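Notes follow the structure.
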Amino acid sequence: MLNLKRIERLLAENNINPKTVPYGALLHAAAALKSTVHPSEPEWSREELLDALHSKKPLFAMQSVKIDPQEFVRVFEALRTAAVDAMPSMAEKLEGMPGAQDFFTQERLDALCANPEAIWEMLEKDGVDVEAATELFVPVAIFALRVFFDDAASRASDALDRLEPDTVHFERSLKCPVCGATAAVGAVQSTQNRGNIKRLYCTCCGAHWRFERIRCALCGDEAVSDLQYVHLQGDDKHRLHVCANCGGAMPTIFGVDEDNFDPNLEHWRCGELMAAYADMQSEQQKPAGNA
């Protein structure tokens, strides 16, 4: 959840200055902007909640928030300004990008509310350089959506958690049960009554849901021999859950204290670990030296 006071405290504790770090600027600005928007929130039925819990259909695909285009453009431009102010060279990343007013029409916002990942198809349809858009345009757009999604996603997560039985006889969703996006980070925490539990977190809408400890969050593989955790020396709190079946790696945080945890921030902090793992994989795939 975008809690401004908690995010400001965590940024300070991690020595991240939102005035000089673009990602920190986006996160801080999104939390500050959340109090300025009041989107209409859907009321899901028990049947819709159960369908989402059992991976039949994400909640936002059934009913989602309604976003006014002018309000969205205001939030988008405020976030973009925050990122560029933190690092003026980021302005170059906006060259060739569409204008927010023209791109985010009511029709497109309605489609993005039902399926946020549709933004990629929209960019391709408009002939936008998708790789270039990932530098700043898409992150700003996703953070802008998050501002409007956050409260509804938090409420939905609590409702889904209450519906889940103590004994689960189904495989939990690989995709976010609220917005349908891919999970960004996992977290393992101890509980008083349930032992250690694992949750996946969606940084697109802010939802979270329980997930199996020994299961790949990317492909669903449950073979213990295919799964392992890797981490940097001296930091076993931030790990990658690596799957030999699909080759994917899910950032996973251990020893989570909810009051001191923000999934967006922790996903960003895992960047060094993910880069190191990618380099290691690249080195292993290189052919042997020429004879």
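Percent relative contact order of the chain, based on C-alpha pairs within less than 8 angstrom and at least six residues apart? Can you show the working numbers first?
On the way: 449 pairs, mean separation 49.4, N = 291.
So the answer I get is 17 percent.
Segment 129-200: percent of C-alpha pairs farther apart than 21 Å? Intermediate results must be reported in sequence, preceding the final value.
Numbers: 1050 of 2556 pairs.
Tail of the P(r) past 21 Å holds 41 percent of the pairs.
If you work out semi-axes √(5λ) of the Cα gyration tensor in Å from the coordinates, which of (i) 56, 21, 14; (ii) 29, 26, 20; (iii) 34, 20, 18 do you get?
Evaluating semi-axes √(5λ) of the Cα gyration tensor in Å on these atoms matches (ii).
Which distance in Å, rounded to a whole number, links the C-alpha centroids of segment 134-202 and segment 54-120?
20 Å
Given 5 Å bins starting at zero, what is the percent of C-alpha pairs of segment 164-291 in each, up to the one with the largest pair distance?
With 5 Å bins starting at 0, P(r) equals 2, 10, 19, 22, 21, 13, 6, 3, 2, 1, 1, 0, 0.
Report the charge-dipole magnitude of segment 4-285 in Debye, nearest 20, computed about the Cα centre from +1 at each Lys and Arg Cβ and -1 at each Asp and Glu Cβ.
Numbers: 28 positive and 44 negative charges, 138 e Å.
Computed about the Cα centre, the dipole is about 660 debye.
Counting other Cβ atoms within 10 Å, keep those with at most 16, restrict to DSSP loop, and tell me which trypsin sites (Lys or Arg not before Pro) in segment 213-262 are left.
On the way: sites: R213, R215, K237, R239; in loops: R213, R215, K237.
Sites meeting the loop and neighbour criteria: R213, K237.
Please report, in whole Å, how far the alpha carbons of segment 84-195 spread along each principal axis, starting with the longest.
53, 32, 23
For segment 12-77, take the alpha-carbon Rg, divide it by the Kirkwood Rh, and send me Rg/Rh. Before the final figure, lay out each step's value.
Working: Rg = 16.7 Å, Rh = 14.7 Å.
When Rh is taken as the Kirkwood radius, the ratio is 1.14.
Add -39500 (n - 2.57) for each DSSP H run of 4 or more in the chain, then divide by its residues: what number comes out at 222 nm, to the nearest 500 deg cm²/dmol? Could the numbers behind the result be given before it?
Values: 12 runs with 126 residues, N = 291.
Mean residue ellipticity at 222 nm (helix-derived): -13000 deg cm²/dmol.
Quick note: the coordinates plus some simple rules give every number you see, no bench work behind them. All of these numbers come straight from a predicted model, not from anything done at the bench. Glycine gets a Cβ as well: all are built from the backbone with ideal geometry, and neighbour counts include every protein chain shown.
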